[in-house]
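**Student:** Pasting in a structure now, in structure tokens, and then I'll have a few things to ask.
The values are calculated or read from the model by the stated rules, or taken from the named source; none is laboratory data. Treat the numbers as computed from the prediction; the structure is a model and nothing was measured. Glycine gets a Cβ as well: all are built from the backbone with ideal geometry, and neighbour counts include every protein chain shown.
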Amino acid sequence: MAVGLGNHRPGLAAGAAVVPGRGRPARSWRYLLIAPVALILTVFFFVPLVIIFIYSFSETDVLSQIEFTLQNYVGIVNSGPKLSMYLNSVMYSACTVVICLIIAFPLAHYIAKYLSKTAQAFTIALLVAPLFMSLLIRIYGWRLFLLKYGLFNEALAWVGLPRVDGLTYMGPMAIFGPVYLDCALPIFPIYVAISNIPDELLHAARDLGGTGWRVVRRVVIPMAAPGIAIGSALAFSLSFGDATSSEVLVGDNVQLVGNMLKFSYGYAQDWMSGSAESVIMMVFLLIVVVPVLRWVEVERLMSRGGKR
């Protein structure tokens with residue numbers, strides 16, 4: 001018996017040694033499949049960012065004659081109007097996130113827990129459909145709707161109310177635009193997070209005497225926190241650098257970071273200052289977004305743990 005066991009164990013060891021050998025070509029194929037995506041990201045994403053970073057420390061816009069300087073950043077720090085644009089962007093983006101969550105969370109909760117699978121697919125398709133339309137068409141559609149002689153004011157006049165002049169140049173429109181454009185995006189991670197909450201857990205919470213709001217506050221919101229965090233990060237990062245909606249709906253009445261970048265890169269042709277402004281914006285967004293992504297377990301969020 002001892003001899004047989006002794007002869008059997010080396011066989012197992014030999015078999016186990018073969019498996020890693022077979023795994024190496026599989027890993028090589030994985031790397032080969034990832035290589036095109038890595039190349040595209042490097043060429044079309046990281047290389048432009050590196051060029052912007054280099055320009056932000058340069059005194060000249062000739063890439064072959066870069067002269068190192070910190071003056072571009074010093075000029076931003078010493079510029080009150082530019083700092084106020086960053087502050088405005090932070091405040092307006094925070095308001096955008098709050099409003100998006102107020103809209104997205106109840107809708108995502110309703111879709112995940114009160115609709116059938118077919119109704120869920122249909123509703124999500126309706127939410128996704130506007131994202132395939134041009135951003136400019138969607139924003140200019142609202143501008144035409146809100147003009148002095150647009151449909152909104154015509155409806156006010158029809159019911160006997162006075163027209164509202166200059167509605168498209170009011171400050172709140174700088175929040176309305178990003179909310180309209182980005183509100184659908186936080187719905188998806190929140191929907192996934194709520195879908196993963198087992199229905200049995202919610203039934204047990206109700207059986208223990210929890211009211212509808214208390215169950216949402218004590219069970220659903222804590223368990224959906226990763227989805228809420230990702231949705232908030234999406235809404236904040238997209239609205240922070242937005243220039244199109246604010247320019248179309250508000251004009252120059254509200255100055256945001258996006259307007260500053262558009263002026264530096266476009267009208268002023270000041271690539272160095274624009275690059276420094278871009279780097280500061282990206283660093284700030286990284287400070288906000290990276291902790292969220294480190295805290296959230298994306299794989300756990302995407303796993304369909306809950307049963308319907």
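**Student:** Tell me, please, whether a residue that is assigned by TED's automatic domain parsing to the domain that holds residue 117 and closer than 30 Å to residue 69 by Cβ can be found in the range 227-240.
**Tutor:** Yes - at least one qualifying residue is present in the range 227-240.
**Student:** Evaluate the following for residue 212: is it surrounded by fewer than 17 Cβ atoms within 10 Å (Cβ to Cβ), modelled with pLDDT under 90 and over 26 Å from residue 168 (Cβ atoms)?
**Tutor:** yes
**Student:** Select the helices (runs of 4 or more DSSP H) contained entirely in the range 1-93, then report the ones holding at least 2 residues which are at pLDDT 90 or above and under 26 Å from residue 237 (Cβ atoms).
**Tutor:** Of the helices (runs of 4 or more DSSP H) lying wholly inside the range 1-93, those with at least 2 residues that are at pLDDT 90 or above and under 26 Å from residue 237 (Cβ atoms) span 47-56, 71-77.
**Student:** Taking residue 144 as meeting all but one of (1) touching a residue at least 12 places away in the same chain (Cβ under 8 Å); (2) more than 19 Å from the chain's Cα centre (by Cα); (3) under 28 Å from residue 235 (Cβ atoms), write down the number of the exception.
**Tutor:** (1)
**Student:** Still on this model: With modelled with pLDDT of 85 or more and farther than 19 Å from residue 138 by Cβ as the only criterion, which of 226, 186 stands out?
**Tutor:** 226
**Student:** Let me ask something else. What's the number of the condition residue 291 fails, among (1) outside any helix (DSSP H, G or I); (2) free of Cβ contacts under 8 Å to residues at least 60 places away in the same chain?
**Tutor:** All conditions are met except number (1).
**Student:** Examine the range 201-208 for a residue that is in contact with a Leu (Cβ under 7 Å, 6 or more places away or on another chain), surrounded by 12 or more Cβ atoms within 10 Å (Cβ to Cβ) and either assigned to a helix (DSSP H, G or I) or in the same structural domain as residue 115 (by TED's automatic domain parsing) (or both), and state whether such a residue exists.
**Tutor:** The answer is no; no qualifying residue exists.
**Student:** Hey, another quick one. Report yes if some residue within the range 225-234 is part of a helix (DSSP H, G or I) and out of contact with any helix residue (DSSP H, G or I) (no Cβ under 9 Å at 6 or more places or on another chain); otherwise report no.
**Tutor:** no
**Student:** Please go through the range 105-134 and give me each residue that is assigned to a helix (DSSP H, G or I), at pLDDT 90 or above and of a type outside the set (A, V, I, L, M, F, W, C), ordered by number.
**Tutor:** Selection gives 106, 109, 110, 113, 114, 117, 118, 120, 123.
**Student:** Do the conditions hold for residue 82, that is, is it more than 20 Å from residue 172 (Cα to Cα), among the basic types (Lys, Arg) and buried (at least 16 other Cβ atoms within 10 Å of the Cβ)?
**Tutor:** Yes: the conditions hold for residue 82.
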